[in-house]
2 protein chains.
Amino acid sequence: MQKLKTGDQNLVKQMNKSIVFHTIQKKGPISRAQISKLTGLNKATVSTMVSEMIDESFVYEIEATQSSGGRKPVMLYFNNHAGYSIGIDLGVNYILGLLTDLNGNIIEEVSQDLTTIQYGDVKQQLYAVIQTLINKAPDSPYGVIGIGIGVPGNINHEETIILAPNLKWEHKDLKTEVQNEFYIPVKIQNEANSGAIGEHIYGAGRNISNLIYVSIGIGIGTGIIIQGNLYTGTSGISGEMGHFTIDANGRKCRCGNNGCWELYASENALLEHAKKQKVLEETNAITLKQLSTEAQMGNKKVLQVLHTLGENIGIGLTNIINTFNPQMIIIGNRLSQFSSWISNPIHNVLDERLSYYHKENTDINFSILGKHSIALGAASISISHFFKENKLENE
Amino acid sequence: MQKLKTGDQNLVKQMNKSIVFHTIQKKGPISRAQISKLTGLNKATVSTMVSEMIDESFVYEIEATQSSGGRKPVMLYFNNHAGYSIGIDLGVNYILGLLTDLNGNIIEEVSQDLTTIQYGDVKQQLYAVIQTLINKAPDSPYGVIGIGIGVPGNINHEETIILAPNLKWEHKDLKTEVQNEFYIPVKIQNEANSGAIGEHIYGAGRNISNLIYVSIGIGIGTGIIIQGNLYTGTSGISGEMGHFTIDANGRKCRCGNNGCWELYASENALLEHAKKQKVLEETNAITLKQLSTEAQMGNKKVLQVLHTLGENIGIGLTNIINTFNPQMIIIGNRLSQFSSWISNPIHNVLDERLSYYHKENTDINFSILGKHSIALGAASISISHFFKENKLENE
DNA sequence: AATCTTTGTTTATCTTTTAAACTAAGTTTA
DNA sequence: TAAACTTAGTTTAAAAGATAAACAAAGATT
């Protein structure tokens, strides 16, 4: 039996304070009276919580300009400049860093190419990016409240990098190292999971409690949001859906399995297929950029290759929908730029393969945060951690 | 923003009472003092809760026979005979009904063949089974506290049967009908989900918070337990993993998809394959029972067919593990009887296809409740509902 | 000017948890 | 065998927090 958390007055207060806080954050500007009506909490309770949060700089008030037939309400605002968060998208050949306010608005953006994947070198570049962002953070009551990092690899529950195949890293405790460098709380999460959270909090999946984020880049990673929470599995490595078999007799994947989905529906798959089909004159080095340009110009062979890609993506999405019955699927990362050409084949495959109920009830969307989804997700993990520490959010 | 539940004294009390109750249920016989030490709740708090539960007949006390150097403790016992639950496994050609105590111990078992799938007729037989079980229930403070029914079909969140393909039922509100007949709370759940809960509460998956139950019968259904709770998806129809594609170019399934897992790894698949391979003299009507007998006698062809079945099951399990990173997978329903012949091929496939971390950390088990898992799961859903109503369990 | 409305605070009450004191009932020690 | 020690469980007083009701503040309406 797991040790269950007992209840006391403290817990009650934290729950209610968190409710009042989120109401102000999401519905503000709003008056104390409105919060009381909306949440069912007593006016006195709301007043107590609010004055605490004003003392803590999380909330400020501005008198309303007009009344509705009685005393003018005092409007409450979430102070999204009480502190700032840093979100890092650590890619295989780039680092993208964002400084955001507590609402996830981007204040500064720093981007660098990575010329090496050597751990020590990457770490130094990472430190430089973080230091730049810290220097740009405006003065605020809480300063830089955390650093979130999205990494393309498997992260366990202790936030150690177990394996990042494309970076060739194994067992790196980056969290502790960065923390010791800057003395700011660090959160590390898998790239697809970060993207999922980014889209869930700020993007296409706001207010959607069951969603699957499908990151289609060099490979395919997925982030699972269930009942509003990230699901990371027993040891932190769920969501390896890029490696489910869609062709039991297909060719060997580097993961050990055969006929993995990402062999048919990823950036690598697209480029290989394009090369094989000789879609361009010089077949030696095709890039995504070239394919995008050619597609826009109506290159038939390129369109055909993209069509096939879309169909293959659709096959995998069918599996995801049958498994999770999610409210929404969000396709992100680099291949989402081809949305206008792959959307139709995806939907055709789904129409053909899904049962009636699933067809009706699943939204297929493309990322709306684009290249920022991972870094924003990472930043938001840190913000959420900060709020929990300050008892404004529950576990 | 979803309306969040506010906290008050009532909530705190319910949380703590539930903790004390579960401690007695799982660790009993146990004294008040021990509960206090174990849970961290004050002795006075524990005493208050306990005397309430004694008044409510959920707990009784017996003085201990010996002390440990001081006043003798009074030992507290969960009164598993405070009421009884009914669990029904409504199959395609049978009804299995169980009467259990509040600990899931089977008190009575009733089993009937179904000769028709006509809704009205099945309902009458179901009523007869339930009435028999009600009549056999011993006298108790709460009587029969609920009826749980596991059905082979899609159930939505309102517990309406949306579609039960093998029974050819659509949109049946069986819950309300049974409730109006017996005036006892009724809970309806999908067959695989019931099985998952059964194994999670009473079977191979006790104390395992992330597990996938794979019901391999005529088709394949799955039940998903995540963070200790059943996950049923946005509209209640998650877990259709029998219909994920393992061969994109495979043959058409009745669900509309191509190359579904259950076309290769279910009872139907096994029987067809056996027929094709002519494993028996008379090829016309092979049964599971015959295959079992022949396998025991060492029939090479049968063993080969079972070997292939195991491999195909393994392919699907690889997908499940890559997706969920569960702590345990439990294989149940009729095909689990072949465990001794399919276990090795399953493990071989997993060893070959899974990455190192998943191999190390995922337990593959066969159902230990056997033919009772669905009915026991259904009974336990009702028990859990009853406890929630009585504030002994949290939502 | 009097009355009505709406907002927000103050006050007294209620519930529940907790620490500390206390009673109960045993064992160990001198 | 009596005194000291242990352990179990109850009683009591205090503290925290939510709430309803009364109240004060500040506007609109009649």
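The values are calculated or read from the model by the stated rules, or taken from the named source; none is laboratory data. Model, not experiment: these values are computed from the prediction. No Cβ is skipped: glycine too gets one built from the backbone with ideal geometry, and neighbour counts run over all protein chains shown.
Please go through segment B:344-356 and give me each residue that is surrounded by 17 or more Cβ atoms within 10 Å (Cβ to Cβ) and in contact with a strand residue (DSSP E or B) (Cβ under 8 Å, 6 or more places away or on another chain), ordered by number.
Answer for segment B:344-356, where residues must be surrounded by 17 or more Cβ atoms within 10 Å (Cβ to Cβ) and in contact with a strand residue (DSSP E or B) (Cβ under 8 Å, 6 or more places away or on another chain): B:Ile346, B:Leu350, B:Arg353.
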Unmet criterion (only one of (1) within 14 Å of chain B (Cβ to nearest Cβ); (2) within 27 Å of the chain's Cα centre (by Cα)) for A:Gly259: (2)
Filter result for B:Gly203 (under 24 Å from B:Ile364 (Cα atoms) and either crowded, with 18+ Cβ neighbours inside 10 Å or not assigned by TED's automatic domain parsing to the domain that holds B:Ser235 (or both)): yes
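Tell me which residues, restricted to segment A:41-58, are among the β-branched types (Val, Ile, Thr) and more than 7 Å from DNA strand D (Cβ to nearest atom). Don't jump to the end; show me each part of the working.
Within segment A:41-58, the subset among the β-branched types (Val, Ile, Thr) is A:45-46, A:48, A:50, A:54.
Scanning segment A:41-58 gives A:Val46, A:Val50, A:Ile54.
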Filtered residue count, segment A:13-44, keeping only those that are part of a helix (DSSP H, G or I), within 9 Å of DNA strand C (Cβ to nearest atom) and crowded, with 16+ Cβ neighbours inside 10 Å: 4
Test result for B:Gly87, closer than 19 Å to B:Phe58 by Cβ and within 22 Å of the chain's Cα centre (by Cα): no
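If you scan segment B:59-110, which residues turn out to be among the aromatic types (Phe, Trp, Tyr), within 16 Å of DNA strand D (Cβ to nearest atom) and more than 14 Å from every other protein chain (Cβ to nearest Cβ)? Talk me through it step by step, then tell me what you get.
First, the residues of segment B:59-110 that are among the aromatic types (Phe, Trp, Tyr): B:60, B:77-78, B:84, B:94.
Of the ones still in play, those that are also within 16 Å of DNA strand D (Cβ to nearest atom) are B:60, B:77-78.
Matches in segment B:59-110: B:Tyr60, B:Tyr77.
Restrict the check to segment B:288-311 and report whether at least one residue is within 14 Å of chain A (Cβ to nearest Cβ) and free of Cβ contacts under 8 Å to residues at least 12 places away in the same chain. Outline the logic, then answer.
Within segment B:288-311, the first condition is being within 14 Å of chain A (Cβ to nearest Cβ), and the residues that meet it are B:308-311.
Checking which are free of Cβ contacts under 8 Å to residues at least 12 places away in the same chain leaves us with none.
Within segment B:288-311, none of the residues are within 14 Å of chain A (Cβ to nearest Cβ) and free of Cβ contacts under 8 Å to residues at least 12 places away in the same chain.
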Enumeration of residues in segment A:191-249 that are at pLDDT 95 or above, among the polar types (S, T, N, Q) and more than 20 Å from A:Glu395 (Cα to Cα): A:Ser215, A:Thr222
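Taking strands (runs of 3 or more DSSP E) that do not extend beyond segment B:61-149, which have at least 3 residues that are in contact with a Lys or Arg (Cβ under 8 Å, 6 or more places away or on another chain) and either at pLDDT 95 or above or loosely packed, with under 15 Cβ neighbours inside 10 Å (or both)? Spell out how you get there, then give the answer.
Details: elements: B:74-78, B:84-90, B:94-101, B:106-113.
Once the strands (runs of 3 or more DSSP E) in segment B:61-149 are filtered for at least 3 residues that are in contact with a Lys or Arg (Cβ under 8 Å, 6 or more places away or on another chain) and either at pLDDT 95 or above or loosely packed, with under 15 Cβ neighbours inside 10 Å (or both), nothing remains.
Can you tell me which residues in segment B:241-256 are at the interface with chain A (Cβ under 7 Å from one of its Cβ atoms) and either touching a residue at least 60 places away in the same chain (Cβ under 8 Å) or among the aromatic types (Phe, Trp, Tyr) (or both)? Show your work before the answer.
Here is the first cut: in segment B:241-256, the ones at the interface with chain A (Cβ under 7 Å from one of its Cβ atoms) are B:241, B:243-248, B:255-256.
Correct list: B:Met241, B:Phe244, B:Ile246.
Please go through segment A:169-178 and pick out each residue that is touching a residue at least 40 places away in the same chain (Cβ under 8 Å) and either within 14 Å of chain B (Cβ to nearest Cβ) or assigned to a helix (DSSP H, G or I) (or both).
In the first step, residues of segment A:169-178 are kept if they are touching a residue at least 40 places away in the same chain (Cβ under 8 Å); the result is A:169, A:172, A:174, A:177-178.
Of everything in segment A:169-178, those that are touching a residue at least 40 places away in the same chain (Cβ under 8 Å) and either within 14 Å of chain B (Cβ to nearest Cβ) or assigned to a helix (DSSP H, G or I) (or both) turn out to be A:Leu174, A:Glu177, A:Val178.
Just need a number here: residues in segment B:13-36 that are among the hydrophobic types (A, V, I, L, M, F, W, C) and either touching a strand residue (DSSP E or B) at 6+ places or on another chain (Cβ under 7 Å) or modelled with pLDDT under 90 (or both).
At the first step, the residues of segment B:13-36 found to be among the hydrophobic types (A, V, I, L, M, F, W, C) are B:15, B:19-21, B:24, B:30, B:33, B:35.
From the residues that got through so far, the ones that are either touching a strand residue (DSSP E or B) at 6+ places or on another chain (Cβ under 7 Å) or modelled with pLDDT under 90 (or both) too are B:24, B:30.
Number satisfying all stated conditions: 2.
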Residue identified as buried (at least 24 other Cβ atoms within 10 Å of the Cβ), facing chain A (nearest Cβ under 8 Å), over 20 Å from A:Asn258 (Cβ atoms) and hydroxyl-bearing (Ser, Thr, Tyr) among B:Ser238, B:Ser266: B:Ser238
Any hit, segment A:248-267, residues being at positive phi and touching a helix residue (DSSP H, G or I) at 6+ places or on another chain (Cβ under 6 Å): yes
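Just to be sure before I move on: is B:Glu281 away from chain A (no Cβ under 14 Å) and within 24 Å of B:His157 (Cα to Cα) in the structure I sent?
Values: away from chain A (no Cβ under 14 Å): yes; within 24 Å of B:His157 (Cα to Cα): no.
No: the conditions fail for B:Glu281.
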Complete set of residues in segment A:357-378 that are crowded, with 20+ Cβ neighbours inside 10 Å and within 14 Å of another protein chain (Cβ to nearest Cβ): A:His358, A:Thr362
Pick from segment B:17-26, criterion in contact with a Lys or Arg (Cβ under 9 Å, 6 or more places away or on another chain) and within 9 Å of chain A (Cβ to nearest Cβ), ranking: farthest from DNA strand D (Cβ to nearest atom): B:Ser18
Search result, residues across segment A:163-198 that are over 15 Å from A:Ser382 (Cα atoms) and surrounded by 19 or more Cβ atoms within 10 Å (Cβ to Cβ): A:Ala164, A:Leu167, A:Trp169, A:Lys172, A:Leu174, A:Ala192
Residue satisfying all of: in segment B:27-36; within 11 Å of DNA strand D (Cβ to nearest atom) and within 12 Å of another protein chain (Cβ to nearest Cβ); farthest from the chain's Cα centre (by Cα) among these: B:Ser36
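Can A:Ile329 be described as part of a helix (DSSP H, G or I) and either within 10 Å of chain B (Cβ to nearest Cβ) or surrounded by 21 or more Cβ atoms within 10 Å (Cβ to Cβ) (or both)?
Working: part of a helix (DSSP H, G or I): no; either within 10 Å of chain B (Cβ to nearest Cβ) or surrounded by 21 or more Cβ atoms within 10 Å (Cβ to Cβ) (or both): yes.
Here the answer is no, as A:Ile329 does not meet what is asked.
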Test: A:Gln14 is more than 23 Å from A:Tyr183 (Cα to Cα), away from chain B (no Cβ under 11 Å) and either within 27 Å of the chain's Cα centre (by Cα) or more than 10 Å from DNA strand D (Cβ to nearest atom) (or both): no
Filter pass, A:Asn166 being part of a loop (DSSP other than H, G, I, E, B) and without any contact (Cβ under 8 Å) to a residue 60 or more places away in the chain: no
Among (1) closer than 30 Å to A:Ala192 by Cα; (2) not assigned by TED's automatic domain parsing to the domain that holds A:Ser140 - the single one A:Ser111 does not satisfy: (2)
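The rows are residues; the columns are (1) at pLDDT 95 or above; (2) on the phi < 0 side of the Ramachandran plot.
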| site | (1), (2) |
| --- | --- |
| B:Met297 | no, yes |
| B:Lys301 | no, yes |
| B:Phe324 | yes, yes |
| B:Arg353 | no, yes |
| B:Asn361 | no, yes |
| B:Gly370 | no, no |
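Going by what's in this entry, would A:Asn394 be described as within 14 Å of chain B (Cβ to nearest Cβ) and outside any helix (DSSP H, G or I)? Let's see the steps before the verdict.
Working: within 14 Å of chain B (Cβ to nearest Cβ): yes; outside any helix (DSSP H, G or I): yes.
In short, yes.
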Candidates A:Ile147, A:Ile117, filtered to the one that is under 29 Å from A:Gly239 (Cβ atoms), of a type outside the set (Phe, Trp, Tyr) and within 22 Å of the chain's Cα centre (by Cα): A:Ile147
Number of positions in segment B:73-130 that are without any contact (Cβ under 8 Å) to a residue 24 or more places away in the chain and either within 16 Å of DNA strand C (Cβ to nearest atom) or among the small types (Gly, Ala, Ser) (or both): 3
Top-ranked residue of segment A:1-11 - restricted to ones that are modelled with pLDDT under 80 and in contact with a helix residue (DSSP H, G or I) (Cβ under 7 Å, 6 or more places away or on another chain), ranked as nearest to DNA strand D (Cβ to nearest atom): A:Asp8
